[in-house]
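What follows is a short report on a single structure.
The values are calculated or read from the model by the stated rules, or taken from the named source; none is laboratory data. Computed from a predicted model, the values in this text were never measured in an experiment. So basically every Cβ, Gly included, is an ideal-geometry build from the backbone, and we count neighbours across all protein chains shown. Heavy atoms of the whole protein, side chains included, go into the accessibility calculation; ligands, DNA and RNA do not. Shrake-Rupley method; radii C 1.70, N 1.55, O 1.52, S 1.80 Å.
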Amino acid sequence: MADNDTIASLAATVDDFLRSAYDADTRRRILSSADERSSLVPALAELGTFSVALEEEHGGLGLPLSALGPIFIQYGRHLLAGPMLENSLLPGTVYEHASEEGRKLLTDAVENGSVLAFLDPAVTDHWSGRLGSVTSVDGRLHGTFEAVRFGGEATALLVVADRDGRPLLHLIEPTMPGVRIEAVGSADPALNFSRVTLDGVEGAPVGDAATAPEVLARVRRWSRVLIACELSGIATRCVELAVEYAKQREQFGRVIGSFQAIKHMLADMHTDAVSLHNFCEAVAGELDELPDTEADLNAAALKAHAARVAVSVCEGAIQVHGGIGFTAEADIHWYYKRALALRAWYGDSTELEEKVGALVLDQPAAPTVERV
């Protein structure tokens with residue numbers, strides 16, 4: 001396993017790169033334009049970001065998935081747009097199970113920054129029955145997903161398909177016959193959504209019926225952890241922005257940071273952000289060493305906590321900023337929108353707290369009440 005200094009050095013390299021290539025003006029332009037949200041992906045591929053968790057024998061750095069945690073914290077701090085989760089996580093988890101054709105698609109994403117997309121019906125129970133699903137019939141894929149992150153920009157789609165109640169994984173190219181992709185709206189400023197319809201598409205299998213459930217469980221588990229790390233970065237940066245503003249903004253002849261109410265608010269925000277950061281480090285560092293049930297429980301507990309804390313810290317930062325926090329003059333509203341979007345992806349607090357309870361009690365979770 002890589003030492004902490006190596007992992008910290010990688011995260012610092014990403015931080016330095018984003019400070020240079022993704023300054024405030026660039027970030028605002030990219031977040032405001034759906035056409036530019038994948039524009040930094042090739043540069044990050046050249047930096048080696050997407051090869052971190054890929055085995056050395058396959059051309060990667062061979063580091064554990066936990067090495068991605070500090071990098072995703074930087075993604076959150078800088079509010080980076082793009083398919084970072086898909087391009088970082090999928091190669092490291094499915095490459096060894098993919099066919100030769102599928103490996104070429106994954107290698108292209110790692111080395112050149114071509115976009116990967118993931119069609120998974122389990123991103124949230126709240127959309128159950130509405131997100132869509134895909135079935136595998138005689139080796140061909142049929143079905144529709146209503147919301148696929150970066151589906152329109154992708155050069156490869158990893159599809160979760162159902163066959164007789166068991167999941168299968170397939171890699172397909174969007175240009176294949178029977179694939180139809182339509183852009184749909186996105187409330188998340190850092191990504192684009194597409195509707196993907198498959199009509200008799202023949203994909204490249206990733207593993208088989210015996211290995212697919214284990215691979216899929218690991219992808220979902222790490223998706224929760226890495227999203228939590230990104231939310232941790234968002235919370236940390238919002239605290240920094242709120243403190244900076246509180247030191248500058250004056251009311252009644254004094255900076256607002258000198259007011260006791262503001263001091264208490266900032267202290268609570270800082271405590272929450274630090275606790276989330278520490279929770280991320282603890283869970284990511286040991287996740288792959290735990291039994292599956294315990295790993296699932298820890299990942300779900302972390303994501304539930306992150307979903308609650310990040311949104312709360314963003315709201316506190318907006319309150320410190322006052323009315324300007326909702327305007328284009330401040331970046332806080334971007335962080336808030338991103339936190340709200342990530343809150344639901346792979347489970348919000350309510351959904352995951354039920355999952356944690358079910359894992360502890362070793363019984364199926366009760367159906368989640370759909371919000372109106």
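Placing R0 at 51 angstrom, the Cβ-Cβ distance between Phe326 and Thr211 gives a FRET efficiency of 0.60 after rounding to 0.05. A DSSP coil position with no more than 12 other Cβ atoms inside 10 Å describes the following GluC sites (Glu not before Pro) in the stretch 266-372: Glu329, Glu370. Charges were assigned to the Cβ only: +1 to each Lys and Arg, -1 to each Asp and Glu. The resulting dipole of the stretch 273-312 about its Cα centre is roughly 380 debye. Heavy atoms of the protein chains alone define the surface here; on that basis the chain has 44 Å² accessible area per residue at 1.4 Å probe size.
Excluding same-chain neighbours fewer than eight residues apart, the lysines reachable from Lys263 by a Cα-Cα span under 16 Å are Lys247. Within the chain, DSSP assigns beta bridges of which about 85% are antiparallel (rounded to the nearest 5). A straight Cα-to-Cα reach below 22 Å connects Lys337 with the lysines Lys303, residues fewer than 8 places away in its own chain not being considered. Element breakdown for the stretch 7-77 at a 1.4 angstrom probe: carbon and sulfur atoms account for 45% of the accessible area.
By DSSP, the beta bridges lying fully in the stretch 56-164 are antiparallel in about 50 percent of cases.
Assuming charge only on the beta carbon of Lys and Arg (+1) and of Asp and Glu (-1), the dipole of the stretch 271-361 about its Cα centre is about 460 debye to the nearest 20. Residues whose amide H comes within less than 5 Å of that of Tyr22, counting only those at least five positions distant or on another chain, are absent (H built at 1.01 Å from N in the peptide plane).
Here's the picture: charge each Lys and Arg Cβ at +1 and each Asp and Glu Cβ at -1 in the stretch 195-251, and of Ala217, Gly207, Leu241 the one pushed furthest to the positive end of that dipole is Leu241. Between Val206 and Leu169, His170, Leu171, the built amide H atoms are under 5 Å apart, and every one of these is 5 or more places off in sequence or on another chain.
Counting only residues at least eight positions apart within a chain, or on another chain, the aspartates and glutamates with an alpha carbon under 17 Å from that of Lys355 are Asp125, Asp292, Glu294, Asp296, Glu370. With an 8 Å cut-off on Cα pairs and a minimum separation of 6 or more residues, tell me the relative contact order of the chain in percent. Taking the mean separation of contacting Cα pairs over the length of the chain, I get 16 percent. Magnitude of the charge dipole for the chain, about its Cα centre and with charges confined to Cβ atoms of Lys, Arg (+1) and Asp, Glu (-1), is about 1400 debye.
Placing pseudo-labels 7 Å out from each Cα toward the beta carbon at Thr271 and Met176 gives an inter-label distance of 5.3 nm.
For Cα Rg over 2.2 N^0.38 Å, the value computed from the atomic coordinates appears in the list (i) 1.03; (ii) 1.09; (iii) 0.99 under label (iii). Placing a label point 7 Å from the Cα of Asp138 along the Cα-to-Cβ direction, the residues of the stretch 181-202 with a backbone N closer than 12 Å are 200.
In whole percent, how big is the carbon plus sulfur part of the accessible area of the stretch 247-342, probe 1.4 Å, protein atoms only? C and S fraction of accessible area: 53 percent. Rolling a 1.4 Å probe over the protein heavy atoms leaves Arg224 with an accessible area of roughly 30 Å².
The slack between Phe259 and Glu294, meaning 0.36 nm per residue of separation minus the straight C-alpha distance, is 8.2 nm.
Extension gain for Glu286-Arg28 works out to 89.3 nm (0.36 nm per residue, less the C-alpha to C-alpha distance).
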